[in-house]
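Structure first, then comments.
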Amino acid sequence: MNSKTIANGILRAVAIMVGAVLICWFFYKIQSVLAYLAIAAVLALLGRPIVRFLRNRLRFPNTLAVVVTMLFMLAIFAGILALFIPLIAEQSKNLSLLDMEALKNDLNRLYLQTLEYFGASTRSVNDMINESKIEENVLKGLDLKFIPNFINSFVNVLSNFSIGLFSVLFISFFFLKDSKLMQNGILTFVPNDKESNLVKSIDKINNLLSRYFAGILLQLFILFVIYTISLLIVGVENAIVIAFLCALFNIIPYIGPIIGGVTMVLLTMTTFIDADFSSVILPKAMYVLIGLTVGQLIDNFFSQPFIFSTSVKSHPLEIFLVIIIAGLLFGVVGMVVAVPGYTAIKVILKEFLAENAFVKKLTKNL
């Protein structure tokens, strides 16, 4: 091996590294576009069965079927958004979000009622806090100024939301209108001898993920019904909206149900903030907690095993490990996309490395 060969090898390696860095930088810069594509792809997967039904059963032209499907999804989105208006108005009044002193007083009153119910005194709690070298008043250090700041930031973000919504709808329309559009775009970067394998992989991934997202919708619907019944029984205002919001948190595996449960219990307690703690607030919170427990038991022992076994063809324990690893590596976003991403990887491995012993065992159910 002469010096010229070594130099060429070094230059080639440097060029590959520089190219990889530039590609990563490019993807980082267009991350919002990638997010639009991902959301549009999910909407297309969810809307494709509706398009097929309208086109095959009702004999709609393809474009008309896509338009009707898009309008149907927009109507659902608008209805969900409209549901949150009374919730925001009511909870803003209950929590006095724009009055920081009123919010502190409400939280402090709830804190004192809790201590009184459990037979504890503020002195004993303060002594315990002092021993732990924490501030004397647990609510004194609570800075609630972030709430109006968050609202202002939310308004600023909302101005960009319309652009994102238009982009997602525009891309989704063409994904639904031409189901092979994304596939053809990917095939331009694939060698000709690998095109057939990639086409099979994409078709399989579309099929599995369509069933997976349909299963997720079924899971959320079951939780929504259970949560709604629980909140209606105890007489919580805006029960449907609160139930929908808390069920929606279950999109985030493992962490989401905890966030949703805490949110539901807190909203229940703040709804009855002026009532007696021991005879009204605590019993109603306990009833809601029982409803949450029933919902999670059904979800863990029925919904999730059904979704994972019939849609993505993976064992629940396998999914659990994948979600945990993805969460450690990429945070909450990683947990949300872990199952679809893992399913796509398994399908691709089966098509391109079908003879590998490890791949055979990993993908035997696909």
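Against the conditions (1) at pLDDT 80 or above; (2) farther than 15 Å from Ala38 by Cβ; (3) open to solvent by less than 30 Å² (accessible area, probe 1.4 Å); (4) of a type in the set (A, V, I, L, M, F, W, C), where does Leu187 fall short? Just the number, please. With respect to (1) at pLDDT 80 or above; (2) farther than 15 Å from Ala38 by Cβ; (3) open to solvent by less than 30 Å² (accessible area, probe 1.4 Å); (4) of a type in the set (A, V, I, L, M, F, W, C), Leu187 is out only on (1).
If the condition is being under 18 Å from the mean Cα position of the chain (by Cα) and in a helix (DSSP H, G or I), then segment 302-315 contributes Ser303, Gln304, Ile307, Phe308.
Any residue in segment 323-341 that is more than 30 Å from Ser196 (Cβ to Cβ), touching a residue at least 60 places away in the same chain (Cβ under 8 Å) and open to solvent by 80 Å² or more (accessible area, probe 1.4 Å)? The answer is no, given that none of the residues of segment 323-341 is more than 30 Å from Ser196 (Cβ to Cβ), touching a residue at least 60 places away in the same chain (Cβ under 8 Å) and open to solvent by 80 Å² or more (accessible area, probe 1.4 Å). Checked against the criteria, Ala275 counts as small (Gly, Ala, Ser), at pLDDT below 85 and either in the same structural domain as Ala82 (by the TED database) or over 19 Å from the mean Cα position of the chain (by Cα) (or both).
Within the bounds of segment 316-328, is there any residue that is touching a helix residue (DSSP H, G or I) at 6+ places or on another chain (Cβ under 7 Å), part of a helix (DSSP H, G or I), modelled with pLDDT of 75 or more and under 21 Å from Ser201 (Cα atoms)?
The answer is yes, given that some residue of segment 316-328 is touching a helix residue (DSSP H, G or I) at 6+ places or on another chain (Cβ under 7 Å), part of a helix (DSSP H, G or I), modelled with pLDDT of 75 or more and under 21 Å from Ser201 (Cα atoms).
Let's see how each residue does on (1) over 19 Å from Val339 (Cα atoms); (2) touching a residue at least 40 places away in the same chain (Cβ under 8 Å):
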{"position": "Asn184", "(1), (2)": "yes, no"}
{"position": "Thr188", "(1), (2)": "yes, no"}
{"position": "Pro191", "(1), (2)": "yes, no"}
{"position": "Glu195", "(1), (2)": "yes, no"}
{"position": "Val199", "(1), (2)": "yes, no"}
{"position": "Phe213", "(1), (2)": "no, yes"}
{"position": "Leu220", "(1), (2)": "no, no"}
{"position": "Ile226", "(1), (2)": "yes, yes"}
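Could you please find all residues in segment 228-239 being free of Cβ contacts under 8 Å to residues at least 40 places away in the same chain and open to solvent by 30 Å² or more (accessible area, probe 1.4 Å)? Reasoning before the result, please.
If we filter segment 228-239 for residues that are free of Cβ contacts under 8 Å to residues at least 40 places away in the same chain, which is where we start, we get 228, 232, 239.
Passing the criteria: only Leu232.
Residues in segment 248-276 that are touching a residue at least 12 places away in the same chain (Cβ under 8 Å) and β-branched (Val, Ile, Thr): Ile251, Ile252, Ile255, Thr263, Val265, Thr268, Thr270, Thr271, Ile273. Annotation note: of Ser210, Ser172, Ser167, Ser230, the sole residue that is of a type outside the set (A, V, I, L, M) and at pLDDT below 80 is Ser210.
Any idea which of Lys360, Lys284, Lys313 is among the charged types (D, E, K, R), under 26 Å from Val225 (Cα atoms) and assigned by the TED database to the domain that holds Leu208?
Details: Lys360 fails: under 26 Å from Val225 (Cα atoms); Lys313 fails: under 26 Å from Val225 (Cα atoms).
The match here is Lys284.
Selection of segment 342-366 for residues being of a type in the set (Asp, Glu) and touching a residue at least 12 places away in the same chain (Cβ under 8 Å) yields only Glu351. Would you check if there is a residue in segment 229-246 being in a helix (DSSP H, G or I), in contact with a helix residue (DSSP H, G or I) (Cβ under 6 Å, 6 or more places away or on another chain) and under 30 Å from Ala344 (Cα atoms)? Yes.
Ala65 meets the conditions (1) among the aliphatic types (A, V, I, L, M); (2) more than 30 Å from Val333 (Cα to Cα); (3) open to solvent by 80 Å² or more (accessible area, probe 1.4 Å) in every case but one. The failed one is (3). Take the residues in segment 39-66 that are assigned to a helix (DSSP H, G or I) and without any contact (Cβ under 8 Å) to a residue 60 or more places away in the chain, then tell me which one is nearest to the chain's Cα centre (by Cα). Looking at residues that are assigned to a helix (DSSP H, G or I) and without any contact (Cβ under 8 Å) to a residue 60 or more places away in the chain, I get Ile50.
Based on this model, can you work out whether Ile345 counts as open to solvent by 70 Å² or more (accessible area, probe 1.4 Å), modelled with pLDDT of 80 or more and part of a helix (DSSP H, G or I)? Give the steps one after another, and end with the answer.
Values: open to solvent by 70 Å² or more (accessible area, probe 1.4 Å): yes; modelled with pLDDT of 80 or more: yes; part of a helix (DSSP H, G or I): yes.
The answer is yes for Ile345.
Counting only residues that are charged (D, E, K, R) and open to solvent by 40 Å² or more (accessible area, probe 1.4 Å), which one in segment 254-308 is farthest from Ile242 (Cα to Cα)? This residue is Asp276.
The values are calculated or read from the model by the stated rules, or taken from the named source; none is laboratory data. These numbers were taken from a predicted model, which means no experiment stands behind them. A quick note on method: Cβ atoms are made from the backbone with ideal geometry, for glycine too, and the neighbour counts reach across all protein chains shown. Protein only, heavy atoms only, side chains kept; ligands, DNA and RNA dropped before computing areas. Shrake-Rupley method; radii C 1.70, N 1.55, O 1.52, S 1.80 Å.
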